[in-house]
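None of the figures in this text is laboratory data; all of them are computed from the coordinates on show. Since this is a predicted model, take the numbers as computed values, not measurements. No Cβ is skipped: glycine too gets one built from the backbone with ideal geometry, and neighbour counts run over all protein chains shown.
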Amino acid sequence: MAGKAKHQKSGEKWSQDVTDNSDALDLEEGVFTKSDPKEIAKSLKRSAEASDRRKSDPYRSAISMLTFHINRAGKGLDAGQKKTLEAAKDELRKLFGREPKD
């Protein structure tokens, strides 16, 4: 539990630490606060494709980071931003040639 204590002392949540220091992707600053789902998806795609530390394919890394952020931000996301982030999932699917969910 040493890691948990470290984050509590600094006031940083473990999920923010994962987002900031992910060993898979170097994210563009503010990517999850953008208002355009296409821009979020493009940024995540660039980060995933540029990473040489990710353990899975670029699509999976990008969608996982986006889903992680949505799940961990939870109640802190306003409805509009959550809708934007969910729409970014479909944009990621399109960018990677996957079928968007209906």
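Of note:
- For Lys55 and Phe68, the difference between the fully extended length at 0.36 nm per residue and the C-alpha to C-alpha distance is 3.1 nm.
- With 22 Å as the limit, the listed pairs Lys55/Lys89; Lys42/Lys82; Lys45/Lys75; Lys34/Lys75 have Lys45/Lys75 beyond it between alpha carbons.
- Sorted fewest first by neighbouring Cβ atoms within 10 angstrom, Phe32, Phe96, Phe68 come out as Phe68, Phe96, Phe32.
- Those residues of the stretch 51-78 whose amide nitrogen sits under 14 Å from the label point placed on Thr33, 7 Å along Cα→Cβ: 77-78
- The ranking of Asp26, Asp90, Asp52 by Cβ neighbour count inside 10 Å, starting from the fewest, reads Asp52, Asp26, Asp90.
- Which of Ile70, Ile63, Ile40 has the fewest Cβ neighbours within 10 Å, and the rest in rising order: Ile70, Ile63, Ile40
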